[in-house]
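Only one structure is covered here, and it is reproduced in the block below.
The values are calculated or read from the model by the stated rules, or taken from the named source; none is laboratory data. All values reported here derive from a predicted model rather than from experimental measurement. Neighbour counts run over all protein chains shown; Cβ positions are idealised from the backbone, glycine included.
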Amino acid sequence: LSGSRQQHMAYAKVVVSKMDNRVLGIHYFGPQAGEVMQGYGVSMKKGVTFKDLSETVGIHPTSSEEIVAISITKSSGQSASAGGC
């Protein structure tokens, strides 16, 4: 990773259909990726929407909670730089 990215433990991106708000995929790069993604894989097979995902309470403190807290869209033009508590 580049020097500016080494300070962050995990990165996540949620790919959502603009037609029906269904989650098409989740990209996650971080610790215990297999454990983090297992439940999300099942939810995507069941048709989870972005609204469902954003209304989910993330377990704190975990890297997985970052996935349910994602709120910046590519089309918004906002910076997706990681924030913090």
Got a number for residues in region 33-56 being more than 24 Å from residue 20 (Cβ to Cβ) and either of a type in the set (Asp, Glu) or in a loop (DSSP other than H, G, I, E, B) (or both)? 1
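Table: residues versus (1) at pLDDT below 80; (2) out of contact with any Gly (no Cβ under 7 Å at 6 or more places or on another chain).
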{"position": "5", "(1), (2)": "yes, yes"}
{"position": "15", "(1), (2)": "no, no"}
{"position": "33", "(1), (2)": "no, yes"}
{"position": "46", "(1), (2)": "no, yes"}
{"position": "49", "(1), (2)": "no, yes"}
{"position": "77", "(1), (2)": "no, yes"}
